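Any read-out appearing in this document is the output of simple, stated calculations on the displayed coordinates, not a laboratory observation. Every value quoted in this text rests on a predicted model; they were computed, and no experiment measured them. Here Cβ is always computed from backbone atoms with ideal geometry, including for glycine, and neighbour counts include all displayed protein chains.
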Amino acid sequence: MTLSLQHALQGLGFADLVRFTPAQIAALCQATSLEEDALALALLPQAQHKARVPVSGFRVGALAMGNSGHWYLGANLEVEGLPLNSALHAEQAAIGHATLWGETGIRRVVVSASPCGHCRQFMQELNQECLTLVLEDARLSLAALLPHAFGPADLGQSYGMLNGPAGTLSVDSRDPWFWLHWPRPTPAMPPTAITGPGWRCC
């Protein structure tokens, strides 16, 4: 991370952010004289700092640029004692972070290391023809990194991971263990009180 970016992050109060608004991005571009891609690359150490890597020791940072203009940081998260196939990858974390904020598409993914095959397929599930990946030394389309890919379009789906129809989750359990960990509906708290968007209980 450049010294001017560190000073700008501290001075603007953005040092701990993991989501940047368009106004905050513009302020950082102005304060550092960096173009958007250069700024995104310069922010990757902030994402990498959040990585937890007790298995590989290899920190990866990613930044997903949402269609809304917001940016979302992500980092790899490994669990000690578990194999790497149980880890959350930085690209997944950044895209998942964008999903939590309601993004319906990703313009670009900026990443500190070339995406692994798992992440390439994960991004293919976005079902976006023009997704660009930005690395320190290259700008590539996902299609260039994952030729002959299979994804939602091959199944006749016009939507992808971020803009598909809402699913439903229904819980109908008589298992006493389940109700130890989930509130049982009562007259004061009917089943609708323990629902969330896209799912229902009981």
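What order do you get for Y72, Y159 when you list them from fewest to most C-beta neighbours inside 10 Å?
Ascending Cβ contact count within 10 Å gives the list Y159, Y72.
Using Cα centres only, tell me the gap between segment 123-172 and segment 14-52 in whole Å.
24
In segment 79-121, what GluC sites (Glu not before Pro) fall in a loop by DSSP, with at most 16 other Cβ atoms inside 10 Å?
Hits after loop and neighbour filter: E80.
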